[in-house]
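Beneath this line is the structure, given in structure tokens, with notes to follow.
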Amino acid sequence: MTVLETTRRAVVQRGKRLEYFTIAWNSLEGLVAVVAGAIAGSISLIGFGIDSFIEVTSGATLLWRMSVDANKHTRERNERLSIRVVGVCFIALAVYVACESVFDLIARKTPEHSVPGILLACVSLVVMPILSRAKKRVASELGSTAMKADAKQTDFCVYLSGILLTGLLLNAALGWWWADPLAGPVITPIIANEGVQAVKGEACYCAGA
């Protein structure tokens, strides 16, 4: 095995660990968010949990892609398929954000204050940027567009955590129930555009690097 192959293998192992962490973290995050949202009657928290489960799908897809990295032909095939699966996850996320925002505005349902929800959003704002940066380093070293897209999805989780935290705090402090759903439509077109490009295969593909 050459030095280059040994180095790449080490990077792949690092990527696998990141995806294992992604799956474990988002599974726990999703469960906590859904339970806390159900208790508080918060559609935003429940939706945030659904987003976490979407990220679990994306993480599992990247883990599958990493599992065959040693075989260049299979690697390139899985790379193309993985980027499309992640693209579908983007589109699902965009649909969730749009539908949740509209539903919240129409229903005008004011949720109860949720301390667990606020703490969850705060922790997510710390963990997700670190995870995203680590994924981007692996994506760059492997030349993986799929991993880069997965990292960008983690970035969107940061944005959604910020929106969720802002909405929960404004509702708790000022009773502004509309703050959270009003912010949703701002990010929806960006997420949808990323998803469409990935599904159409328009993202820069450089897996063979």
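Bear in mind that the values in this text are calculations on the coordinates, not laboratory data. Computed from a prediction, not measured in an experiment: that's the story for all the values here. Note that we place each Cβ from the backbone using ideal geometry, even for glycine, and neighbour counts take in every protein chain shown.
This ranking places Tyr20, Tyr96 by how few other beta-carbon atoms lie within 10 Å of each, fewest first, which gives Tyr20, Tyr96. Only the Cβ atoms of Lys and Arg (+1) and of Asp and Glu (-1) were treated as charged; on that basis the dipole of the chain about its Cα centre amounts to roughly 780 debye.
With the charge dipole of segment 3-200 set up from +1 on Lys and Arg Cβ and -1 on Asp and Glu Cβ about the Cα centre, the Cα lying farthest toward the positive end among the listed residues Tyr96, Ser67, Ile83 is that of Ser67. The order of Lys16, Lys135, going from fewest to most other C-beta atoms within 10 Å of their C-beta, is Lys16, Lys135.
Listed from fewest to most Cβ neighbours within 10 Å, the set Lys136, Lys200, Lys152 follows the order Lys200, Lys136, Lys152.
Per residue, the chain reaches -30500 deg cm²/dmol at 222 nm when only DSSP H runs of four or more residues are counted, each adding -39500 (n - 2.57). Considering all C-alpha pairs of the chain, those separated by over 22 Å amount to 48%.
Subtracting the Cα-Cα distance of Glu76 and Thr6 from 0.36 nm times their residue separation leaves 23.3 nm of extension gain. In a fully extended conformation the segment linking Trp178 and Tyr20 would gain 53.3 nm over its present Cα-Cα distance, using 0.36 nm per residue.
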